[in-house]
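Structure first, commentary second.
The values are calculated or read from the model by the stated rules, or taken from the named source; none is laboratory data. Here the structure is a predicted model, which is why all the values come from computation and not from measurement. No Cβ is skipped: glycine too gets one built from the backbone with ideal geometry, and neighbour counts run over all protein chains shown.
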Amino acid sequence: MHFHFCCILVILLLTIYPVYSANCRLKDQVSIVLPKTKLQCFRLLNGTHQTGCQSDKNGNSGTVIDVESLEHFMTQLEFFKSNEEQIIALADLERLTPELISIFHNDSIINGLILYGHANSAKFSEDGACPSSEFSIYNQGSCKKWNDGAVSDLGMRFLNWEKPIFYVDDKRELSLLREDCYATFNRNLTNTFGSSKQRCRAKLTMFMHGAGDAEVCLRRQNLFYGFTDTLSMCEPLSSYNVFNVVPVLRMNDPSNIFLLSARLDSFSSFSGSAGGDISVLTSVVTLLSIANAIGKKSVLFENRAKAHNRQLLLSFFNGEALGYIGSGRTAYDMQNDEFPHKFKRYEPLKTGRQIGFNDIKIFVELQQIGFSSKTNEYYLHVDGSLNQVASNVREGLADRTIFSAIANTTPESQIPPSSYESFLRHNRSTVGTVFSSAKDHYVFNNINSFEDTEITNSLQKRQTAVRHLHDVASGILKAVTGYVHDDKDSATDFPIDIDYVETLVECFFSRTWNCSHFQKIIPDYQAHFHAYRNLYIGPSGQQSPMWHIVKALLIQALGETHATPNVKTEDQCDTLNPGQSVYHYVWAFNEKQNKSLCYRTSIFTTQARSPSFADKGVRSDFFNYSTWVESVWDPHKLEVFLDGAHSTFFHFILSSTIGIFAILLTCIDWYQVNPQATPPVIIKTTRNQRTKKRSRRRFEEVPQDDLPGTSSAGQVVRREGSVVRDLLAD
Amino acid sequence: MNLERIRDTEKLDLCRKYFYIGCFCLPFVWLVNFVWFFKHAYKRPHFAQQELIRKYTTFSIIGCIIWTILIVAWNIVFHYYRTSYAQYADYLSFVFPIGYK
């Protein structure tokens, strides 16, 4: 017996062990995991809604259906609806239309979406048709449709999908899904004989913790009572703005500021998106080129500016695409007299000046600087209410060498969605203009999406970009000196360095930001953080490296090393910062001397975090500031497996029949069926006199004494009647 | 404890004690009281203490039913309005749902 048991155990071990040890786990033989997807849709929440994607905790599964044509897809959809079988739709970006997006979004039989391909000629902007309309200074009802490329009116990013969306770009994985999975198993399912065949299914897992809206999510996170754990469900979006004022402003200096701005961020529905060429990078490169040109002859520039008591404020706002986080916070700080930082008084020459709305005389924003084969035009937009004043300014700014046309303005003119609009919300009399390639609507079709990479993907476009951005920067610099030096021709003394523009283009417009220039100049360069190309603002723990890079470039362009010749170490350099608020001292690499030096800069960074998140929750009276938070999510997974048709009716009938039969079997009184069966023996003590009155004619009380070999103490044994009689008869 | 072994006066005492204990917001004690003394209160032929035992068990079961109705009603109301009055529901909750509202 023992030997047999050992034998069986040994045999079991010998059979199971090889199966496990040969890396052929049963699960791996059943489903294939596709690990190379880099883009998955995630959830953002604002003060009132949740947007983006969600899957079940264990994933959303469905039969894989490739959208070949709209009509065929609709037929397949009808078939699956009638079967109540969920599907995962596989769609090419090229074929995405607003109609198809709306079907994907609204139909509950579509349990998930896998996208592939590129929107070469199609429009694919994930922003709404009226971007940031809820923060507009114009009437909500008369939203002007600037974004023609929007694939959905509300914006694909801002729809509440409630289903996962992945993007597959690996060729092998894509061919597995389209050919080995869909074409082999699922294409012919809609035929009458196909409905009971095997189908190929996929399961998409991307579970979001946050839900409801930002208020609910943050409140639950804060109220969590796990005494050792923390509950992380969502995080507010937060990063930094970067500013540089030339020449530096001290407390008692008169200020007339020309604010030249660009935005630092873009977004996408997909986490891991590297888009943002036209949305962000072209304007940033232009601004940095201007900074570099000024920096080469900074003393001359500053002297001329001081002669007129005017300053240039280079501003890089972060978080603009998601509700003007950066510019909204800046405007809020200005209102509270806390820009660039809380006022702290030192000696007059060591205290920097607080900047308010009255100090900003002109606000110029650069937006969507790009070039297409069709047009090469730029427009200066002004707000209709400032029509009279701004028109004069605009004429002064316009340079016919690059602006081949100027948009006509009327009292009803509207500026495109911009950081300038954010300032106007706080102070409607700020004079300014938006410099953009858009006339009545955007020229580029991929604004704010992961497909905004046309310059990055084309060497020829990068080369064109160098020349083009150089020209635009030259023109803008004329506008700058036209105000700051009161002389447009002063810009000729500050030529834009085309080699520098080329370096920036090569560094920024590439898949990863690991060019040698960045590696040298960025203090504490870390490849895993700084090289990861990402233009989405992100929560405070996972920011984009963009502002670090821009700050490092500004330090190189406009920082001075001659002021600190005796500072030899980083610690010494840091000690120069406290005690004054005029300059910012940074230890950074100097290419000419090939070593790190202490730079004196007039750079300041301010927090780009919405004022709505003052305490731990969301302040509900601040809904006209951005309230976006990002949800925390579990690791994503994409699996493909084969499955049978899930008709469970037969199984249900069979199981119920067996179950009912089994129950009925237990109800039969077996002792009636077989009187010869061995009876149970029930021992009854004499103390318990009350017995059930049910007739038990089979049982007979036999006093203990009559039986041989029984113990004393008056026990009565009841036994099956006939057997006892037989015994007694003996 | 085997009820068969104790005298009827002690049974009445137990029943009464359980009833009073249940008055401290303990509906399960009332339920236990009812189930335990059900046979003695209603099924047994009349004995001296039976009326009082019957009274206590009846009140116990009535109290228990009222409590059940209240608890079920509160449960339904709380879950029905949980998402619309999420703020107040969250202050009352110990465990929060993850991933859905």
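Considering only segment A:222-246, state which residues are within 14 Å of chain B (Cβ to nearest Cβ) and without any contact (Cβ under 8 Å) to a residue 40 or more places away in the chain. Lay out the reasoning, then the answer.
Of all residues in segment A:222-246, those within 14 Å of chain B (Cβ to nearest Cβ) come to A:222-227, A:229-234.
Across segment A:222-246, the qualifying residues are A:L223, A:F224, A:Y225, A:G226, A:F227, A:D229, A:T230, A:L231.
Inside segment A:592-621, can you point out the residues that are polar (S, T, N, Q) and outside any strand (DSSP E or B)?
Applying the first criterion (polar (S, T, N, Q)) to segment A:592-621 yields A:593-594, A:596, A:601-602, A:605-607, A:610, A:612, A:620.
A:Q593, A:N594, A:S602, A:S610, A:S612, A:S620, listed by residue number.
Which of the helices (runs of 4 or more DSSP H) contained wholly in chain B include at least 2 residues that are farther than 30 Å from A:T48 by Cβ and either away from chain A (no Cβ under 14 Å) or not polar (S, T, N, Q) (or both)?
Values: elements: B:8-22, B:27-38, B:50-81, B:86-92.
Passing ranges, in order: B:8-22, B:27-38, B:50-81.
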Next item on the list: Considering each residue of segment A:181-218, count those that are touching a helix residue (DSSP H, G or I) at 6+ places or on another chain (Cβ under 6 Å), modelled with pLDDT of 90 or more and farther than 18 Å from A:I114 by Cβ, and give that number.
Entry: 2
Next item on the list: Check off (1) hydroxyl-bearing (S, T, Y); (2) farther than 29 Å from A:T351 by Cβ; (3) buried (at least 20 other Cβ atoms within 10 Å of the Cβ) for A:S581 and give me the number that stays unchecked.
Entry: (2)
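Residue by residue, here is whether (1) among the aliphatic types (A, V, I, L, M); (2) in contact with a strand residue (DSSP E or B) (Cβ under 7 Å, 6 or more places away or on another chain) holds:
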{"site": "A:S238", "(1), (2)": "no, yes"}
{"site": "A:V246", "(1), (2)": "yes, yes"}
{"site": "A:D277", "(1), (2)": "no, no"}
{"site": "A:S283", "(1), (2)": "no, yes"}
Notebook entry, point to check: Of all residues in segment B:49-101, how many are in contact with a His (Cβ under 9 Å, 6 or more places away or on another chain), within 29 Å of A:N222 (Cα to Cα) and in contact (Cβ under 8 Å) with a residue 12 or more places away in the chain?
Noted result: 0
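Counting just the residues of segment A:185-206 that are assigned to a loop (DSSP other than H, G, I, E, B) and surrounded by 22 or more Cβ atoms within 10 Å (Cβ to Cβ), which one comes out farthest from the other protein chains (Cβ to nearest Cβ)? Explain how you work it out, then say what you get.
Of segment A:185-206, the ones assigned to a loop (DSSP other than H, G, I, E, B) are A:187-191, A:197-198, A:206.
Next, only the ones that are surrounded by 22 or more Cβ atoms within 10 Å (Cβ to Cβ) stay: A:189, A:206.
Values: A:L189: 31, A:M206: 11 Å.
By that ranking, first place goes to A:L189.
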Margin query: Looking for something in contact with a helix residue (DSSP H, G or I) (Cβ under 7 Å, 6 or more places away or on another chain) and either assigned to a strand (DSSP E or B) or over 25 Å from A:F444 (Cβ atoms) (or both) - is there at least one such residue anywhere in segment A:271-280?
Written below: no
Margin query: For segment A:519-542, give me each residue that is under 26 Å from A:C598 (Cα atoms) and surrounded by 21 or more Cβ atoms within 10 Å (Cβ to Cβ).
Written below: A:I522
Notebook entry, point to check: Can you tell which of A:V248, A:V242 is among the hydrophobic types (A, V, I, L, M, F, W, C), under 20 Å from A:F317 (Cα atoms) and surrounded by fewer than 21 Cβ atoms within 10 Å (Cβ to Cβ)?
Noted result: A:V248
Next item on the list: Collect the residues in segment A:484-508 that are farther than 18 Å from A:V299 by Cβ, at pLDDT below 95 and outside any loop (DSSP other than H, G, I, E, B), keeping them in residue-number order.
Entry: A:K488, A:D489
Next item on the list: Among the residues of segment A:53-72, count how many are out of contact with any Gly (no Cβ under 9 Å at 6 or more places or on another chain) and either surrounded by fewer than 19 Cβ atoms within 10 Å (Cβ to Cβ) or polar (S, T, N, Q) (or both).
Entry: 7
